[in-house]
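Input: a single structure, listed below in structure tokens.
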Amino acid sequence: MPAGKHNSEYQMSCYQYLKGCLDRIDTLCSSEHNGECRVFKKVLIYSFIEGLAKSAAIETRHINKMQQLITELGKWQDADRVSLPHLCRWLDLRPDSMPQKHIMHYKVMLGQWGDGELRTSADDPRREDVKRHICKNANDLRNITHAGLLSHQRNCLVHEFMHNGVNLESPEDDIPSYMLIGSLSLDPGSRLTPQKQTWQLFYPTGFLMRLARQCLEGAKRHWIKNDIDPRKYYSLGNYLWPELNSRTQASC
């Protein structure tokens, strides 16, 4: 059997299997929508996306595979935008990273966001625009793009089973958005005192599921275009140490 035909069967087999997994994840806790349900679903979705990034076999140097999958194959247009509230916080901590006039430009931009307004990732500046003003610590910038922030949230959920940030959303939410949220803390007199309000970024479960499906479709196109057998990038086999398994015997 020709190599292309041989791989096409494995490609479709893996695609159908992974698509079925996403369909089952999508129905998890379908009768309720609470914080625990969101954590469970997001852990599974992030794990799915990271595994898919390995099987897509993207060649990478300066960016991790998950971020590259989201940006290149998932076709998320806002993945390379810099979260404006995160940028302003970063500039507070690293004021030598950018000339003061440009720092003030982004602070003024954030100040124009009004309480009660719907702000989304589409309102954030593009990384290439911000990067032009960076004079120091430029490598940090990728951490506060949306692709980078998704990776950070994934790390907290998968490694710590904790949701960083505020875990709020409604079942209808399906785009990354911001909400102005205040917090309370105990002062030395054991009284609750209000703290400065901050713009909280939300990646809703519905958005993550849509992104995972887009990534799967993009990965399938990548497999077909490059005649890739995706099975060999998964740690499949009888032995728990993957190095002991023959990659040629892997199957979806």
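The values are calculated or read from the model by the stated rules, or taken from the named source; none is laboratory data. Model, not experiment: these values are computed from the prediction. Reconstructed Cβ throughout: ideal geometry from the backbone, glycine too, with neighbour counts over all protein chains shown. These area figures cover heavy atoms from the full protein model, side chains too; ligands, DNA and RNA do not enter into them. Shrake-Rupley method; radii C 1.70, N 1.55, O 1.52, S 1.80 Å.
The figures follow:
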item: Förster radius 30 Å - calculated FRET efficiency between Cys135 and Phe40, Cβ distance, rounded to 0.05; result: 0.10
item: Size of charge dipole - the chain - debye, nearest 20, with Cβ of Lys, Arg +1 and Asp, Glu -1, no other charges; result: 700
item: Under 18 Å from the Cα of Lys41 - lysines, other chains or at least 8 residues apart; result: Lys19
item: Alpha-carbon Rg/Rh ratio, for region 34-139, with Rh computed the Kirkwood way; result: 1.04
item: Accessible surface, the chain, averaged per residue in Å² (probe 1.4 Å); result: 57
item: Largest to smallest accessible area among Lys225, Lys101, Lys54, Lys42 [probe 1.4 Å]; result: Lys225, Lys101, Lys54, Lys42
item: Principal semi-axes in Å for the chain [√(5λ), Cα gyration tensor, largest first]; result: 38, 23, 16
item: Proximal lysines to Lys136, defined as alpha-carbon separation beneath 17 angstrom and excluding residues fewer than eight positions away on the same chain; result: Lys101
item: Charge-dipole axis of the chain as Lys and Arg at +1 and Asp and Glu at -1 on Cβ define it, positive-most pick from Leu73, Gln16, Phe48; result: Leu73
item: Cα-based helix-to-principal-axis angle, 146-160 vs the chain, degrees rounded to 10; result: 80
item: Accessible-area order (highest first, 1.4 angstrom probe) of the listed residues Thr71, Thr27, Thr205; result: Thr27, Thr71, Thr205
item: Portion, in percent, of the accessible area of region 99-181 that falls on carbon or sulfur, probe 1.4 Å; result: 53
item: Qualifying aspartates and glutamates (Cα of each under 19 Å from Cα of Lys131; at least 8 residues distant if same chain); result: Asp78, Asp80, Asp92, Asp96, Asp123, Asp140
